[in-house]
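Okay, so here's the structure we're looking at.
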C-alpha cells in the first residue's frame, strides 16, 4: 500500500474519531484509531492516549505513550512522566494504582524539556524542588520556574506565586492573579481560598467558580461547603457531586425536609449509578441507599433492553417487599442476557452484537 494511501486512511480515521468524540462516543473513536497506530502516526497515538487517560485507563495509555516516546515525541514523554510521577489510579476494571516511578518520571520530564516542551519544564522543576527522582535542588527548581515565567507558562507562574506568597503576600498574589489569566485552576483555587479566609467572599467565590469550570475537586468541595452555609442547597448539591463528596450529599438529604431533600436524594442516586462499576459502591453508604441504588441500576438495565420496569403497586404481581421486585427483575435480565448470548455465539462477527454494545456503553459512561 502506498504512503499517500496510508496517510489518507489515517486522516479519515482521525476525522471520524474526532466526530465520535464530539458525540461522546469514545469506544467507537478507540476502535477507529487503534488499527492506525501501527504506522506510527503521532497524531493518532496522542488522540488515542488522551481518550484512555480521560477514561482513567492508564495501563492502556502507557503502552501507546511508550510508542510515542520511542518516536521522540515530547508530549508523550510529558504525559507518561505525569502518570509515573503521580502513580495514577487505574479504572475499576483494572483495579489498583500505577506505582510511582519518580526516576523514570524525572528522566522523561528532562528529555521533554530538552525538546522545548514547556509543560515538562514545570514538572522537572517540581522534581528538583521535592527531590523526586533526583537530589533536592531548590535553586535549580527556582531557575526553571523563572525561565517558564519568561515564556508565560501558567503553571510556572503559579508555582512561583506560591513561593513568593510566603515571602511577600502582595507579590505572590500578583503572580497568582497573572496565572489565573490563563485559567490555571490551581491558582484560581489558591486565590479563592485566600480571599475567603480574609472575608472577601465575592471575589473568593468567583475564583473558585473559575477553578470548578476545570473540575478542580477541592474548589468544587469548598464551593459546596460555602453554598451549604448560605442554604443554597441546589448549588451545594451540584458542587458536592462534582467533588464526589458523598457524605455531604447524605447530610443535606438528612436534614432538608422539603423538595430539596427529594432532589438531593435523586441526584445522589444518579451520581452513584454513574460512578459505580461492577457493583462496587462507595463506602459509608447506608443499607437503604445501597438497596435503592441496586434497584435503580436494575431499572437502567431494563431500560437499556427496552423493557418497562414493573413495581409492587402494579396489579397481577405477587410482590411482598422491595427485594422481591429486585429478584424478579434480576431473573428477567438473566433470561434476556442468555438469549442475547445465544444470538452472539451464533454470529460472532456481527458488529452490533451485545459484546460490542456492552463495551461501547461501558466506555462511553467512563468519560464525563
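Can you name the residue in the range 22-67 that is touching a helix residue (DSSP H, G or I) at 6+ places or on another chain (Cβ under 7 Å) and farther than 22 Å from residue 83 by Cβ and is also modelled with the highest pLDDT among such residues? Ranking the qualifying residues of the range 22-67, first place goes to 32. Hey, any hits in the range 33-40 for a residue that's within 23 Å of the chain's Cα centre (by Cα), surrounded by 14 or more Cβ atoms within 10 Å (Cβ to Cβ) and assigned by TED's automatic domain parsing to the domain that holds residue 75? Checking the range 33-40: at least one residue is within 23 Å of the chain's Cα centre (by Cα), surrounded by 14 or more Cβ atoms within 10 Å (Cβ to Cβ) and assigned by TED's automatic domain parsing to the domain that holds residue 75. If the condition is being under 20 Å from residue 184 (Cβ atoms) and at pLDDT 95 or above, then the range 126-140 contributes only 127. On inspection, residue 87 fails the criterion of being touching a helix residue (DSSP H, G or I) at 6+ places or on another chain (Cβ under 9 Å) and in the same structural domain as residue 13 (by TED's automatic domain parsing). Of all residues in the range 187-208, those satisfying the criterion of being assigned to a helix (DSSP H, G or I), more than 17 Å from residue 158 (Cα to Cα) and out of contact with any helix residue (DSSP H, G or I) (no Cβ under 7 Å at 6 or more places or on another chain) are 197, 201, 202, 206.
Might you check whether a residue that is over 24 Å from residue 242 (Cβ atoms), in contact (Cβ under 8 Å) with a residue 12 or more places away in the chain and crowded, with 19+ Cβ neighbours inside 10 Å occurs anywhere in the range 187-205? Taking every residue of the range 187-205 in turn, none turns out to be over 24 Å from residue 242 (Cβ atoms), in contact (Cβ under 8 Å) with a residue 12 or more places away in the chain and crowded, with 19+ Cβ neighbours inside 10 Å.
The values are calculated or read from the model by the stated rules, or taken from the named source; none is laboratory data. These numbers come from a predicted model, not from an experiment. So basically every Cβ, Gly included, is an ideal-geometry build from the backbone, and we count neighbours across all protein chains shown.
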